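Derivation of every value follows stated rules applied to the coordinates shown; laboratory data play no part. Fair warning: this is a prediction, and the values are worked out from it, not measured in the lab. Heads up, the Cβs are rebuilt from the backbone with ideal geometry, glycines too, and the neighbour counts pull from every protein chain shown.
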Amino acid sequence: MIQPLDGVRVLDLSRILAGPWATQVLADFGADVIKVEKPGAGDDTRSWGPPFLADAQGRPTAESAYYLCANRGKRSIAIDMATAEGQRLLRELVVHCDVLVENYKVGGLKKYGLDWDSLKLINPKLVYCSITGYGQTGPYAQRAGYDAAIQAIGGLMSVTGEPDGEPGGGPQKVGVAATDLLTGMYAVAGILAALRHAERTGQGQQIDLALLDTQVAWLANQASNYLVGGVVPGRQGTAHPNIVPYQVMPAADGYFMLAVGNDGQFARFCEVIGRPELASDPRYATNAARVAARAELVPLLQAILRTKPAAEWLAALEAAVVPANPVNRIDQVFDDAQVQARGLRIELPHASGREVPMVRNPLCFSATPVQYRAAGPVLGQHTEQVLEQVLGIDADACAALADQGVLGTAGK
């Protein structure tokens, strides 16, 4: 079955998460993604464990769970770009590629002749996506970028976590590398747009994508609250800055998430908790009033909700069509009936001889469903295959290059 990006070839020079996440999505869409790795080491995340994948005999492999989450569907080639011959091979591959993704420091690839200004001369249609911490310009351009550091400087930690002075108060990072992941998704969008432009005009371009720019952009309503309202948002735990009640609530045996999104839902919520008069009280009748009265309303609701178990409240709220959910651990997520019905857990074959459990791409195409090829490759698994198919280099020539240290072979 044809996939949306059949015929598109991507040279992936990225490592860690933002770039690999983007190229994994492109691979899910059908692109041929060639992951270039350093012989003997590979992507840094290969060693980011435990946990590590166990092979079919139960023995640990060199593939970390972290690496596997962002590299399915790709072909790995091990080429030492520090060698002149390695640089020549990569430039030859660029001629046969539509997209290149890299996340080196600004100017870091110039000494290898793999920078945008060099490669656009040999492939004018190339879409060249550069992912950095702070962008190609500005006073911070030469700084290394790390997700947690960007969450801090980009304002996310100022609105994440419990308020100062409260138990557990202070800055918090999000529990996954959210800035990296969102940057990866912006990279996918930018690459697809640039490919469309290249198809129409024959002209490629460089995409300058920074983690900091992404972080500031997806402050979304919090940034708008400041820019429009002039008020600096603070940390409010699980509470919403613009909607009340919309936060984790206590029950007799734990917690659940309550997400009242409008006045009609609030009226039904008040019926469920046995306090219908609250919905007509002018202090609470509208969302704007409830936001203004947050400090008095929320403790009142919390006291009521502590009187019954979470499951009882959740059942009653579902019957009343009031949005509320349990606060699941990750094991509970994969046991959830809806998650199972949607088939979010998949298993893909791996070179170790076993199936690797993964989370599927969330997009469901009606005409071109995602077709998963395999779990993340072992280091250099496809070196000979790619060089023979794309450049016509035979096995003997590959072996000679491996002897010279230019290439790595499978697992090396």
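Considering only the chain, what is the antiparallel percent among its DSSP beta bridges, to the nearest 5?
Working: 18 of 42 bridges.
If I count the DSSP bridges inside the chain, around 45 percent turn out antiparallel.
Report, please, the projected area of the stretch 100-168 averaged over directions, based on the convex hull of its C-alpha atoms, in nm².
On the way: hull surface 25.1 nm².
The orientation-averaged projected area of the Cα hull of the stretch 100-168 comes to 6.3 nm².
Residue 231 versus residue 399, label points 7 Å from Cα toward the beta carbon: distance in nm?
7.3 nm
What's the angle, to the nearest 10 degrees (0 to 90), between helix 84-95's Cα axis and the longest principal axis of the chain?
The two axes meet at around 70 degrees.
Would you work out the charge dipole size for the stretch 246-326 about its Cα centre, treating the Cβ of every Lys and Arg as +1 and the Cβ of every Asp and Glu as -1, and quote it to the nearest 20 debye?
Working: 7 positive and 8 negative charges, 33 e Å.
Here the stretch 246-326 has a charge dipole of around 160 debye.
In terms of Cα to Cα distance under 20 Å, which aspartates and glutamates are near enough to residue 111, apart from those fewer than 8 places away along the same chain?
Correct list for residue 111: 12, 37, 80, 85, 92, 102, 208.
Subtract the Cα-Cα distance of residue 360 and residue 152 from 0.36 nm times their separation in residues, and report this length gain in nm to one decimal.
Numbers: separation 208, 0.36 × 208 = 74.88 nm, distance 2.98 nm.
Between residue 360 and residue 152, full extension yields 71.9 nm more.
Per residue of the stretch 13-23, in order, report the coupling 6.51 cos²θ - 1.76 cosθ + 1.60 (Karplus, θ = phi - 60°) as ³J(HN,Hα) in whole Hz, putting x for Gly and Pro.
With coefficients 6.51, -1.76 and 1.60, one gets 9, 8, 9, 6, 9, 4, x, x, 5, 4, 6 Hz.
Sequence-distant or interchain residues sharing an amide H contact under 5 Å with residue 31, placed H: which?
5
Largest first, please: the extent of the C-alpha atoms of the chain along each principal axis, to the nearest Å.
For the chain, the Cα extents along the three principal axes come out at 82, 52, 42 Å.
On full extension of the chain, what length is gained from residue 298 through residue 412, given 0.36 nm per residue of separation minus the C-alpha to C-alpha distance? Please list the in-between numbers first.
Details: separation 114, 0.36 × 114 = 41.04 nm, distance 5.83 nm.
Between residue 298 and residue 412, full extension yields an extra 35.2 nm.
For the stretch 246-326, build the convex hull from the C-alpha positions and give me its volume per residue in Å³. Mind showing how you got there, number by number?
Values: hull volume 6.0 nm³, N = 81.
Taking only Cα atoms, the stretch 246-326 has a hull volume of 74 Å³ per residue.
Once phi is turned into ³J(HN,Hα) by the Karplus curve 6.51 cos²θ - 1.76 cosθ + 1.60 with θ = phi - 60°, what whole-Hz value does each residue of the stretch 254-271 show in order, with x for glycine and proline?
x, 9, 8, 9, 10, 9, 6, x, 7, 5, x, 5, 5, 4, 5, 4, 5, 5
With r as the distance between the Cβ atoms of residue 316 and residue 248 and R0 = 25 Å, compute the FRET efficiency 1/(1 + (r/R0)^6) and round to 0.05. Write out the running numbers ahead of the final one.
Values: r = 17 Å, r/R0 = 0.70.
FRET efficiency, residue 248 to residue 316: 0.90.
In straight Cα distance, which lysines are under 25 Å from residue 173, not counting same-chain residues fewer than 8 positions off?
Straight-distance partners of residue 173: 105.
Size of the dipole of the chain about the Cα centre, Lys and Arg at +1 and Asp and Glu at -1 on the beta carbon, nothing else charged, in debye to 20? Kindly include the intermediate steps, with their values, before the conclusion.
Details: 35 positive and 42 negative charges, 90 e Å.
Once rounded to the nearest 20, the dipole reads 440 debye.
Would you grab the residues whose amide H sits under 5 Å from the one on residue 127? Only those 5+ places off in sequence or on another chain, please, with H modelled 1.01 Å from N.
When sequence neighbours closer than 5 places are left aside, the close amide H contacts are 99, 100, 205.
Per residue, what volume in Å³ does the Cα convex hull of the stretch 1-101 take up?
With only Cα atoms used, the stretch 1-101 gives 107 Å³ per residue.
Given springs between every Cα pair under 10 Å in a Gaussian network model of the chain, which of 61, 214, 383 has the largest fluctuation?
Checking each option, the largest mean-square fluctuation is seen for 61.
For residue 402, what charge total do you get from the other residues with a beta carbon under 12 Å from its beta carbon, if Lys and Arg give +1 and Asp and Glu give -1? Provide the component values of the computation, followed by the final result.
Working: positive: 412; negative: 80, 85, 384, 396, 403.
Computed value for this residue: -4.
Which residue, 104, 146, 284, has the most motion in a Gaussian network model of the chain that connects Cα atoms within less than 10 Å?
It is 284.
Under 21 Å Cα-Cα from residue 412, which lysines qualify once same-chain neighbours fewer than 8 residues away are excluded?
35, 38, 74
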